[in-house]
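Have a look at the structure below, then the notes.
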Amino acid sequence: MRRWMVMATAALFAWAPSAAVAQTAAPDPVQALKKQFRAERGVDFTEISRSGSGEVRVRRHGQVQLGTGGPLAAYITGWNVHNDDRLNNVEPEARLIVADDTYYLAGESLPEGKNWMGLKYGEKLKIEPESLITEQTINVFDPAVLKVTMKGATAKPVSGGFFYRGDVTYAELSKVAKSYYAADQEGVTSKKNAKIKIEWRLWTDGNGLIKRLTAKTISVKGAVLERVDTRYSDWGRWQIIPPPAADEVIDWEDAQNLPRDLPDPNAIDLGATP
């Protein structure tokens, strides 16, 4: 009788799924991202970035409009916060719109009726539009970049979703998105700086959509160059971001002739006062 019970118990264990098999596999964040590429849909984000010294923090809040191929437009508000509590030094906000292959920066001291300066980034600003949206080195809006970043990372179940961590080099990122990373100021194309590493942590919801990404950029010598913490919300929300009205925009070249200093379009700091 005891032998029969042992055999029956063994049979039950043989047929029962293992804990690993029974557990629901984590959704693929890359595939979850691709499903968000729909017309008139978007996502919101908030972000804090710090330089290696941490003396100045740049805060951003933005909305990104997506299309079938990725980001189409964005509206960003940002400001610098200096780490001097005695001065409470918070610079005025800067506003930015990226739409229709044009970079629009809200400006002061413009001619009456003009509220924005416009620059075609395909002509004067040799960078990809997504790089104007965020300070994150890892472009989470590019499925190829997200895939190479997360290669080999294991999902860990956490409250509300999953957690991943790992690191990736500029060389690996540049290989799958050369045009995006070629303009990076850290020098992606050089052999030396290509070894610069980004240590990252990523949280997703239960459907695999990114909720938060933190990244720390580390130099070849081990120095921390930058820290960025970005949180994403309302994936799939209805979103349309139109460019400013044409009669409110002055061309960047024309604005250069005005009696005021303008920021260098090739060294944009969203936190800086225009």
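Results, tabulated for the structure shown:
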quantity	calculated
Solution diffusion estimate, µm²/s, Stokes-Einstein, the stretch 26-255, Kirkwood Rh from C-alpha pairs, 25 °C, viscosity 0.890 mPa s	131
Antiparallel DSSP beta bridges within the stretch 26-255, percent to nearest 5	95
Highest to lowest packing among 215-223, 166-174, scored as the average C-beta count within 10 Å	166-174, 215-223
Greater than 27 Å apart at Cα, pairs in 34/114; 34/195; 35/211	34/114; 34/195
Amide H contacts of residue 120 (H built 1.01 Å from N, under 5 Å, at least 5 apart or other chain)	103
Packing-based ranking, highest mean first, of 132-143, 25-36 given that Cβ atoms within 10 Å are counted	132-143, 25-36
Cut-off under 5 Å, modelled amide H: who pairs with residue 67 long-range	38, 72
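FYI, it's all coordinate maths here, none of it is from the lab. Quick caveat, the model's predicted, so the values are computed rather than measured. Using ideal geometry, Cβ is built from the backbone for each residue, glycine included, and neighbour counts are taken over all protein chains shown.
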